[in-house]
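Notes to accompany the following structure.
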Amino acid sequence: MDWGMKNRISRIIKKDGHTVMLAVDHGYFMGPTTGLEKLDEMVKPLLPYADVLMPTRGGLRNYIPPETDIPICLRVSGGTSILNETNLLHEGIIVSMEDAIRLNVSAVAFSILVGQPFERDTLLAFTQVIDEANRYGIPVLAVTAVGKGLGKDARYLSLASRMAAELGASIVKTYFCKDFEKIVETCPVPIVIAGGKKIPEKDALQMTYDALQAGAIGVDMGRNVFQSSNPVSMIKAVNAIIHKKYTPKEAYDLFKSNK
Ligand code: R5P
């Protein structure tokens, strides 16, 4: 691995081997997602507790000041909207590597959808992005998207995660599920979990803790932070589990006390 790649990965994964990634890229297919209508106002107070920010190209340019000192994991796949149910997540490349470099990103993120008729399209575009990104020492985070009718279970997610790693991903983002350790055990690259749809804060903190116990290195969480009744307290609590070894109860107490 060359110096640039190692340097970028060290910006994403902190010295303790863990990371708190804040996902705010939802607008690329969901438009003005609840909580992100004014993305700049939402994100600014959360940044001190996040290690990495995951926006879109337009989100970064329009809402995040260039002086902001946080590594960027840029979403580079997309092409369908939430209204296009039959093709949802049939994603292709939406940002050139040249523009990702111009934006000084530390990583790029690409969603693959295994198990749909169009899986081949997403997998071939994914490997094209890996070749281009790796040429410049940029790591690729694979998002194992879950389409209609596909279960969020260890059997399916370990298939998608291992495939992503075998195809060249440096980091895999997947969903937490029962027997999560089986996904970690069979995936040779670090795994972060997505938060998924908003659930009660107590449950989201428990999920974060359980994922870490099962071997995840952290989270790439969005809605469970920015749709919380108190987003700053929530990301503080998530950060405390990931970097300060808080138990779910301690973290939930921290969340409540900050309220
Ligand atoms: C999903 O398509 C996006 O990549 C999201 O950023 C990702 O799923 C994480 O966000 P959330 O925690 O809201 O699921």
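The values are calculated or read from the model by the stated rules, or taken from the named source; none is laboratory data. Being a predicted model, the structure only gives us computed values, none of them experimental. Heads up, the Cβs are rebuilt from the backbone with ideal geometry, glycines too, and the neighbour counts pull from every protein chain shown. We work out accessible area using only protein heavy atoms, side chains counted, and drop any ligands, DNA or RNA first. Shrake-Rupley method; radii C 1.70, N 1.55, O 1.52, S 1.80 Å.
For the range 1-77, which fully contained strands (runs of 3 or more DSSP E) count at least 3 residues that are in contact (Cβ under 8 Å) with a residue 24 or more places away in the chain and either acidic (Asp, Glu) or farther than 21 Å from Gly168 by Cα (or both)? Counting at least 3 such residues, we get 19-23. Note on the range 91-111: residues that are crowded, with 18+ Cβ neighbours inside 10 Å, part of a loop (DSSP other than H, G, I, E, B) and away from the ligand (no atom under 13 Å from the Cβ) total 3. Just so you know, in the range 165-185 the residues that are within 15 Å of the ligand (Cβ to nearest atom), open to solvent by less than 30 Å² (accessible area, probe 1.4 Å) and not small (Gly, Ala, Ser) include one that is farthest from Gln128 (Cα to Cα), and it is Cys177. Going by what's in this entry, would Ser81 be described as at negative phi and in a strand (DSSP E or B)? No, not satisfied.
Just one of (1) open to solvent by 60 Å² or more (accessible area, probe 1.4 Å); (2) in contact with a helix residue (DSSP H, G or I) (Cβ under 8 Å, 6 or more places away or on another chain); (3) at pLDDT 95 or above fails for Ala216. It is (1).
Condition check ((1) at pLDDT below 95; (2) within 16 Å of Ala211 (Cβ to Cβ); (3) more than 16 Å from the ligand (Cβ to nearest atom)) across all residues:
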{"position": "Ala133", "(1), (2), (3)": "no, no, yes"}
{"position": "Tyr136", "(1), (2), (3)": "no, no, yes"}
{"position": "Lys148", "(1), (2), (3)": "yes, no, no"}
{"position": "Lys152", "(1), (2), (3)": "yes, yes, no"}
{"position": "Arg162", "(1), (2), (3)": "no, no, yes"}
{"position": "Pro188", "(1), (2), (3)": "no, no, yes"}
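Please pick out the residue among Arg8, Arg57, Arg75, Arg61 that is within 16 Å of the ligand (Cβ to nearest atom), open to solvent by 40 Å² or more (accessible area, probe 1.4 Å) and closer than 25 Å to Arg135 by Cβ. Only one candidate qualifies: Arg57. Val114 satisfies every condition listed in (1) buried (at least 18 other Cβ atoms within 10 Å of the Cβ); (2) more than 14 Å from the ligand (Cβ to nearest atom); (3) within 21 Å of Arg61 (Cβ to Cβ) except (3). Within the range 148-161, residues that are hydroxyl-bearing (Ser, Thr, Tyr) sit with their Cβ atoms under 9 Å from residues that are open to solvent by 70 Å² or more (accessible area, probe 1.4 Å), at 6+ positions apart or across chains, in these pairs: Ser158/Lys182; Ser158/Glu185. Residues of the range 186-199 include at least one that is among the hydrophobic types (A, V, I, L, M, F, W, C), under 23 Å from Asp253 (Cβ atoms) and surrounded by fewer than 18 Cβ atoms within 10 Å (Cβ to Cβ).
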